[in-house]
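Okay, structure first, notes after.
The values are calculated or read from the model by the stated rules, or taken from the named source; none is laboratory data. Small disclaimer: the values here were computed from a predicted structure and weren't measured. Glycine gets a Cβ as well: all are built from the backbone with ideal geometry, and neighbour counts include every protein chain shown.
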Amino acid sequence: MGNRGLLVIISGPAGTGKSSVINELFRRRDKLFFSVSATTRAPRKGEVPGESYHFITREKFDEMLAKDEFLEHATYVSNSYGSPRAPVEEKLAEGYDVIMDIEVQGAKQVKEKMPEAITVFLAPPSFEELERRLRGRSTETEETIVKRLQQAQRELPELRRYDYTVVNDQVDRAAGELLTIIEKAKTERN
Ligand code: ADP
Ligand code: 5GP
């Protein structure tokens, strides 16, 4: 058995580029595992069930919750999101570094349960750029965009509580910085 993997929690407002940066990370680095969350929200165009998310019904979500199958869970703009616990535990034990893309309340829950995890806040270069990216993605209705921007206003001050902040100015550069943070955290731990 090799070393236990590192748990990396990534948060940041909708549209900041979390998926883009995480995808780039997976292109550059092996032995990574993405924690696929369960959500009650509808799939967006291009999202692959079981890859981006497990898209499930409210009933199924409540059932998983009742069985204590989530490591953490939260409500975000009227939908529920949760991280299935078992795959995270298994992959960490197998030595994979596990990446979680979760919002701030969930990040807090995981950090309390697993203080060895590192937390990274992916910030947009500016609020204006965030709005441009969110609108540019063209995957949400105007109502959802407005709610997500309001949510972003509430989330941005939370970056103070994170171990690291990475500004997603360019996907390549941000992914490189994230990779450096991960390697450094692993070296310091060992
Ligand atoms: P999130 O996962 O945080 O909601 P996405 O990865 O879906 O965000 O990115 C939101 C939009 O912004 C997408 O259209 C994506 O192509 C674009 N984007 C992501 N990172 C950058 C960047 N560094 N510069 C410009 N556009 C970006
Ligand atoms: P989106 O709907 O844009 O994919 O995600 C909305 C928000 O939910 C993002 O901030 C994302 O990080 C967060 N999120 C995704 N999965 C989970 C999860 O399992 N738990 C928590 N707490 N947040 C999640």
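Just a few scattered comments:
- Residue check: Gly95 meets all listed conditions (1) without any contact (Cβ under 8 Å) to a residue 60 or more places away in the chain; (2) over 24 Å from Glu129 (Cα atoms) but one, namely (1).
- Residue check for Glu116: assigned to a loop (DSSP other than H, G, I, E, B) and touching a helix residue (DSSP H, G or I) at 6+ places or on another chain (Cβ under 8 Å): yes
- Within the range 168-186, the set of residues being more than 9 Å from ligand 1 (Cβ to nearest atom) and either surrounded by 14 or more Cβ atoms within 10 Å (Cβ to Cβ) or modelled with pLDDT under 95 (or both) comprises Ala175, Gly176, Glu177, Leu178, Leu179, Ile181, Ile182, Ala185, Lys186.
- Residue match in the range 57-77 (condition: within 16 Å of ligand 1 (Cβ to nearest atom) and in contact (Cβ under 8 Å) with a residue 40 or more places away in the chain): yes
- If you filter the range 25-51 down to residues that are touching a Leu at 6+ places or on another chain (Cβ under 9 Å) and part of a loop (DSSP other than H, G, I, E, B), you find that the one that is nearest to Leu178 (Cα to Cα) is Arg29.
- Looking across Ile10, Ile22, one residue alone is assigned to a helix (DSSP H, G or I) and at pLDDT 95 or above. It is Ile22.
- Residue within the range 171-183 that is part of a helix (DSSP H, G or I), within 13 Å of ligand 2 (Cβ to nearest atom), touching a helix residue (DSSP H, G or I) at 6+ places or on another chain (Cβ under 9 Å) and not acidic (Asp, Glu) present: no
- Residue among Glu103, Glu158 that is farther than 30 Å from Asp30 by Cβ, of a type in the set (Asp, Glu) and surrounded by 14 or more Cβ atoms within 10 Å (Cβ to Cβ): Glu158
- Residue ID - farthest from Lys113 (Cα to Cα), chosen from residues in the range 56-76 that are of a type in the set (A, V, I, L, M, F, W, C) and buried (at least 16 other Cβ atoms within 10 Å of the Cβ): Ile56
- Single residue of the range 1-17 satisfying the filter (farther than 18 Å from Gln109 by Cβ and near ligand 1 (Cβ under 6 Å from one of its atoms)) that is surrounded by the most Cβ atoms within 10 Å (Cβ to Cβ): Thr16
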